[in-house]
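Okay, structure first, notes after.
The values are calculated or read from the model by the stated rules, or taken from the named source; none is laboratory data. None of the values given here were measured: they were computed from a predicted structure. For neighbour counting, all protein chains shown are included, and Cβ atoms are generated from backbone atoms with ideal geometry for every residue, glycine included. These area figures cover heavy atoms from the full protein model, side chains too; ligands, DNA and RNA do not enter into them. Shrake-Rupley method; radii C 1.70, N 1.55, O 1.52, S 1.80 Å.
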2 protein chains.
Amino acid sequence: MDHVVVMAGGSGTRFWPESRARRAKQFLDLTGNGPMIVETIRRFAPLVPAGNVWVVAGEKDRAHLSPEALGIPPGNLLLEPEGRNTAPAVAFAAAAIGRRDPEAVVVASPADHAIGDLKGFRSVIRKSMRLTRKSGCFLTLGIRPTHPATGYGYIERGEPYGPPADGVFRVRRFAEKPDAKTARRFLRSGRFEWNSGLFLFRLPEFQRRLEAHLPEVRAAFDGAFRLAGKPGFPAALRKAYRSIPSVSVDHGLLEHEPEILVVPASVGWNDIGTWRSLHEFLGHGEAGNVLFGDVIADDCRNVLVRSDRGVVAVLGMDDVVVVRSGDAVLVCPRSRSEEVKGIVDRIKSKYPEHA
Amino acid sequence: MDHVVVMAGGSGTRFWPESRARRAKQFLDLTGNGPMIVETIRRFAPLVPAGNVWVVAGEKDRAHLSPEALGIPPGNLLLEPEGRNTAPAVAFAAAAIGRRDPEAVVVASPADHAIGDLKGFRSVIRKSMRLTRKSGCFLTLGIRPTHPATGYGYIERGEPYGPPADGVFRVRRFAEKPDAKTARRFLRSGRFEWNSGLFLFRLPEFQRRLEAHLPEVRAAFDGAFRLAGKPGFPAALRKAYRSIPSVSVDHGLLEHEPEILVVPASVGWNDIGTWRSLHEFLGHGEAGNVLFGDVIADDCRNVLVRSDRGVVAVLGMDDVVVVRSGDAVLVCPRSRSEEVKGIVDRIKSKYPEHA
């Protein structure tokens, strides 16, 4: 059977003031279609039964994680006592899935990305599931780049895998976020895809790789899961997490993998990493404005204005982000929304109640 | 004796969201020194006894008008049942002052302007009081223009009045707000002053002029004041206001006056007509930023940011106004703060609760 693991442990401050210390991006309704985590789960609904969708998230976010609202069985909500990056999160889900379905094919997906072309996305994922089951290889979803982005990691394609018409390639290498010049070179070469952060594997191969490259992670979950379903499990899990290192799937597993496949796709993917990328994803309205809530934007172009209460009036502005959330307001140029992180640090020290 | 009449009946929307339908500009603390009306009264404190300061304001604003907070005797607060522009407001005060002091010299001042050079201002007013008592003429305070403003009325000087060293002139004419070209011509000529809206007169001459040019106003107050101090006065006043036309001192009286004097002054006057002029009046801080309340302005220049609750963070913006007041937020370029009026009309129709 196929399973989906939604990795929802992230925290982030680039959506301040909407995101706060206690409300990470995946729990925000940024696009107007509900919290991003719910939108993510809904995206996979036609592909696997609801009982095969798993969410790995932080215990600290429990308030935002009602299984009913997420549409998954309560047992499929896997709460990590502490965040340890993606490799332990996926290992946690792998251990849980393995008890029911040791031969499963697993799609591991970030909880906080957006997809414009749902139909195309589902078709690519279906194809990727089949290919993963057949090949036993790790497989990553590559995104055909539309511009020389410096905010994403890249994947360099090697030789085609199987018939060239299938459009599947071997991964030659993973490249970290490049500088602007390198990004332009990547784009020109035609051989690079953006790394979507979504990947697939077959459970036996995953466990074998975990054993080989992160044996302490494998051992910790094996130990804890001996008590799975028993009263001692939460305590065992907490104990396990104390010894588990913080490591990403990319660094901890994929880097050591001799053969990984990549399926390049053009499915309107956007990591919604900043207010600017949200605007890019949504900004097709009149004059390029994106407006949420009780907002007046007079003679504005390419503005993103959000208000969750009261009224926000913006007059004669171009290319700005104006967000009112709770008791806080942010105003900055779209092009500088990456720097919101820095503002949050200032707020933490000056107005900690608003961070 | 000399008296001061503070004309506080104005209403305005150009300071939205700080000013609302029920809180006009003169009741706002825009400069950080208290409500403008209180600052105005304080400005005259060394010049006349507190018992000689009168405030004429709208009954609708009674909530903002505590005689204790204003520092005047309760009887010196003159509440108009309805607004009728400045001529009736001053006539009201003139009738009240006349009962105590029929030979008074009266300074009539707007309640919502700012003065940078207090010492210079008081010295000019002292001189103007003396001159008014001696000459019996209407006298206006002219402001030496610093730039070709199109938002102010102008006063053209004629011949010097008295010794040229006194720096007092006859008024040749009052000019309405000019267009940009005319304003530049005014400035070049060296003969034009901004009309500060502040003027002086002697009571007997004022009443005579009122009788001549606005006899219905004179008659209405004469009638009502027959009941002054008696229980029937409020009703008589309300009745009087129903028949009183709406007319300004400039149009109703000064235009008909053959000899008016003007005393040009450079006293850091600013009518604080818009967020932009408030910024100009206050904007001498680091990088030209003016910040009030819990505000973070990172890498900003020439911004005006105010917050009356919560935190407002502005990053990388130049020349903008950001105001949070109550449940409303305004963002606009400094140069367009005149247009806030128009925004308020939109808000009135779309979100009346925030207008």
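Would you mind finding the one in B:GLU103, B:GLU68 that is modelled with pLDDT under 95 and open to solvent by 10 Å² or more (accessible area, probe 1.4 Å)?
B:GLU68
Just the residues that are in a helix (DSSP H, G or I) and more than 23 Å from the chain's Cα centre (by Cα), please, taken from the range B:188-212.
Matches in the range B:188-212: B:ARG188, B:SER189, B:PRO204, B:ARG208, B:GLU211, B:ALA212.
Tell me, please, whether a residue that is more than 10 Å from chain A (Cβ to nearest Cβ), open to solvent by 50 Å² or more (accessible area, probe 1.4 Å) and touching a Cys at 6+ places or on another chain (Cβ under 7 Å) can be found in the range B:249-260.
Checked against the condition, which is being more than 10 Å from chain A (Cβ to nearest Cβ), open to solvent by 50 Å² or more (accessible area, probe 1.4 Å) and touching a Cys at 6+ places or on another chain (Cβ under 7 Å), the range B:249-260 yields at least one hit.
From A:VAL321, A:VAL344, A:VAL314, which residue is hydrophobic (A, V, I, L, M, F, W, C), more than 7 Å from chain B (Cβ to nearest Cβ), surrounded by 15 or more Cβ atoms within 10 Å (Cβ to Cβ) and within 18 Å of A:GLY285 (Cα to Cα)?
A:VAL321 is the lone residue from the list that is hydrophobic (A, V, I, L, M, F, W, C), more than 7 Å from chain B (Cβ to nearest Cβ), surrounded by 15 or more Cβ atoms within 10 Å (Cβ to Cβ) and within 18 Å of A:GLY285 (Cα to Cα).
Condition first: without any contact (Cβ under 8 Å) to a residue 60 or more places away in the chain, in contact with a Pro (Cβ under 8 Å, 6 or more places away or on another chain), under 10 Å from A:ASP112 (Cβ atoms) and surrounded by fewer than 23 Cβ atoms within 10 Å (Cβ to Cβ). Can you find one or more residues in the range A:20-32 that meet it?
yes
Working only within the range A:324-338, note down all residues that are in contact with a Gly (Cβ under 7 Å, 6 or more places away or on another chain), open to solvent by 10 Å² or more (accessible area, probe 1.4 Å) and more than 16 Å from A:ARG23 (Cα to Cα).
A:PRO333, A:ARG336
Any residue in the range A:327-347 that's closer than 21 Å to A:ARG301 by Cβ: show its pairings with residues that are open to solvent by 80 Å² or more (accessible area, probe 1.4 Å) and part of a helix (DSSP H, G or I) at Cβ separation under 6 Å, as long as the two are six or more apart or on different chains.
Hits for this filter: A:ARG334/A:ARG276; A:SER337/A:ARG276.
When the residues of the range A:297-311 are filtered to those that are part of a strand (DSSP E or B) and among the basic types (Lys, Arg), which remaining residue is nearest to the other protein chains (Cβ to nearest Cβ)?
Among those that are part of a strand (DSSP E or B) and among the basic types (Lys, Arg), it is A:ARG306.
Within the range A:333-341, is there a residue that is assigned to a strand (DSSP E or B) and facing chain B (nearest Cβ under 8 Å)?
yes
Can you say whether B:GLU280 is of a type in the set (Asp, Glu), more than 30 Å from B:PHE192 (Cβ to Cβ) and assigned to a helix (DSSP H, G or I), as far as the supplied structure shows?
no
So which residues in the range B:85-100 are within 15 Å of the chain's Cα centre (by Cα) and open to solvent by 20 Å² or more (accessible area, probe 1.4 Å)?
Passing the criteria: B:ASN85, B:THR86.
Given the conditions (1) in a loop (DSSP other than H, G, I, E, B); (2) open to solvent by less than 70 Å² (accessible area, probe 1.4 Å), and given that A:GLY229 satisfies all but one, which numbered condition is not satisfied?
A:GLY229 satisfies every listed condition except (2).
For A:VAL267, are the conditions met, namely being in contact with a strand residue (DSSP E or B) (Cβ under 8 Å, 6 or more places away or on another chain) and under 20 Å from A:THR140 (Cα atoms)?
In short, yes.
Going by the structure shown, is B:ARG20 within 14 Å of chain A (Cβ to nearest Cβ) and either closer than 20 Å to B:TRP269 by Cβ or charged (D, E, K, R) (or both)?
Yes.
Pull up the range B:1-10, narrow it to residues that are out of contact with any Gly (no Cβ under 7 Å at 6 or more places or on another chain) and assigned to a loop (DSSP other than H, G, I, E, B), then point me to the one that is most open to solvent (accessible area, probe 1.4 Å).
B:MET1
Quick check on my filter: what residues within the range A:204-253 are in contact with an Asp or Glu (Cβ under 6 Å, 6 or more places away or on another chain) and not basic (Lys, Arg)?
A:TYR241 - this is the single residue of the range A:204-253 that is in contact with an Asp or Glu (Cβ under 6 Å, 6 or more places away or on another chain) and not basic (Lys, Arg).
Tally the residues that are part of a helix (DSSP H, G or I) and either under 16 Å from B:CYS137 (Cβ atoms) or not hydrophobic (A, V, I, L, M, F, W, C) (or both), restricting the search to the range B:169-187.
The total comes to 4.
Looking only at the range A:168-184, decide whether some residue is at pLDDT 95 or above, out of contact with any Pro (no Cβ under 6 Å at 6 or more places or on another chain), open to solvent by less than 30 Å² (accessible area, probe 1.4 Å) and under 24 Å from A:VAL105 (Cβ atoms).
Yes, the range A:168-184 contains at least one residue that is at pLDDT 95 or above, out of contact with any Pro (no Cβ under 6 Å at 6 or more places or on another chain), open to solvent by less than 30 Å² (accessible area, probe 1.4 Å) and under 24 Å from A:VAL105 (Cβ atoms).
Could you say which residue among A:LEU278, A:LEU330 is aliphatic (A, V, I, L, M), under 25 Å from the mean Cα position of the chain (by Cα) and more than 11 Å from chain B (Cβ to nearest Cβ)?
Among A:LEU278, A:LEU330, only A:LEU278 is aliphatic (A, V, I, L, M), under 25 Å from the mean Cα position of the chain (by Cα) and more than 11 Å from chain B (Cβ to nearest Cβ).
On the basis of being open to solvent by 50 Å² or more (accessible area, probe 1.4 Å) and more than 10 Å from every other protein chain (Cβ to nearest Cβ), does B:ASP294 make the cut?
no
Can you pull out the residues in the range B:32-46 that are in contact with a strand residue (DSSP E or B) (Cβ under 7 Å, 6 or more places away or on another chain) and within 15 Å of B:VAL267 (Cβ to Cβ)?
Across the range B:32-46, the qualifying residues are B:THR40, B:ARG43, B:PHE44.
Return yes or no: is A:VAL124 at pLDDT 95 or above, open to solvent by less than 10 Å² (accessible area, probe 1.4 Å) and in contact with a strand residue (DSSP E or B) (Cβ under 8 Å, 6 or more places away or on another chain)?
no
Suppose we filter B:ILE244, B:ILE272 for residues that are open to solvent by less than 10 Å² (accessible area, probe 1.4 Å) and modelled with pLDDT under 95; which single one remains?
Matching residue, one of B:ILE244, B:ILE272: B:ILE272.
Does B:GLU59 satisfy being free of Cβ contacts under 8 Å to residues at least 40 places away in the same chain, open to solvent by 40 Å² or more (accessible area, probe 1.4 Å) and over 30 Å from B:LEU291 (Cα atoms)?
So B:GLU59 passes the test.
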